[in-house]
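Derivation of every value follows stated rules applied to the coordinates shown; laboratory data play no part. Everything numeric here is computed off the predicted structure, so don't read it as measured data. Cβ sites come from the backbone with ideal geometry, for glycine too, and all protein chains shown count toward neighbours.
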Amino acid sequence: MYGWIKKALGRFPAYISGWSISLANYVDTAVYMVIAMEYLNTAFKLNLNETQRWIMGIAFIVVICLLSIRGIEVLALSATISGIILLVPFILTIIMGIPQMVENPCIPIFGSGNAIMDTNTALMIGFWLFMGYESLHSFSGEVEGSGPLLTKAFLYAVPLATFIYIVPTFVGLAVVGNWQDWSAAGPIDFVELGRLVGGNFLMILFVIAGVFGNLSVFASYMSFGSVVTSQLAEDGLFFPGLEKEHPKYGTPYRAIIASGVISIVLSQGSFADLIIIDVLLLLFPIIMIMISAIVLRIREAKGKTWNCFQFGKNKVFFCIAASAPIIIAAYAMATAGIQSLLASGACWVIGIVMYFVFPKINKKKNNREEQVK
């Protein structure tokens, strides 16, 4: 991500995007750990208090840090297993739920509140659900022949993920109704939906999927964010030392450890408090990625771009297609609440200031290293 934006738009937009996505990644990794611990606590009726859940989360964070340092092969195996576990209950919900459909899942289109805010909330959730696809290419250096493989991964993964998000929810609403009661905090969530559609068996499958799925996403975001952080540090635009790679595994182990420590601190918070700011921080680099795709597509006259930017031979059609997420993301940012905008704006202002501070910090570090040599 950082490399594409830097190539297309220059160092400063790439830095702000990297800064934004690094901050969002620190928040996002903690969010997934909080959700996983909530699944464990409520589903198995452990009755743990906040401190006990936090301590249990620390144990998972330490294990995932060690796996991340080992590299993408270990993570790929665990992600594949988690992906299969995650798919099973959703597919069963579709199969078992279709014969039980009695409600109209499309009514109402909007809730009883403000239509603009309802739309914004839906967009934020939608963006959050699909965040992470930009992270695939951060691992391209660890995968042989990554260009064609990642292109195929997008072609298969995006439609499949869309299907898995939309169809089970559609069927669930048609079976259960009561759309106003659907929430991550209940009374109707996917675990309860599993119980209503398929009894305790499907409910348990959703619990297992919720735990393994969120832990898998946590691991992916930790590894991806650490790569971006190390790239920024290598360019002298982040804290020095985080660019160091593990001598055996070649992974940015210091950045991974830093991400783990920050996740431990932030996992004491709640999902609701930070998710909107998280999405706002992620939307800016997404916009920059799309703009970079358009620029690189137009700039490379003979189509000598990365495979991830190849979309047939029609540049006009590609530019129109790439403009759609830019417009939607800009609308979501413009219609967000003022407090969330101010908070995310403060993060960007701090990032702009640090753009001029980090080179000085790293210059002093480089001077000290040269003196030692």
Rounded to one decimal in nm, the spacing of the 7 Å Cα→Cβ label points at A157 and K363 is 4.0
Kirkwood-based shape ratio for the range 1-68, expressed as Rg/Rh from alpha carbons
1.22
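Taking the number of other C-beta atoms within 10 Å as the exposure measure, put F318, F218 in order starting with the fewest.
Details: F318 18, F218 26.
With the sparsest Cβ surroundings first, the list reads F318, F218.
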FRET efficiency, E50 to L87 (Cβ-Cβ, R0 51 Å, nearest 0.05)
0.95
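Listed here are the pairs K45/K248; K7/K363; K248/K363; K244/K315; K315/K360; K6/K360; which of them are more than 30 Å apart at the Cα?
Working: K45/K248 42 Å; K7/K363 23 Å; K248/K363 28 Å; K244/K315 39 Å; K315/K360 41 Å; K6/K360 20 Å.
Over 30 Å Cα-Cα: K45/K248; K244/K315; K315/K360.
How high is the FRET efficiency between A330 and T80 when r is their beta carbon distance and R₀ equals 30 Å, given to the nearest 0.05? Numbers along the way, then the final one.
Details: r = 35 Å, r/R0 = 1.18.
Step by step, r from the Cβ atoms, then E = 0.25.
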Contour minus Cα-Cα distance for L66 and M101 (0.36 nm per residue)
8.1 nm
Gain on full stretching of the segment that runs from Y355 to H246 - 0.36 nm per residue minus C-alpha separation
36.6 nm
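Going by how many other beta carbons lie within 10 Å of each one, how would you line up R70, R297, fewest first?
Details: R70 15, R297 18.
Ascending number of Cβ neighbours within 10 Å: R70, R297.
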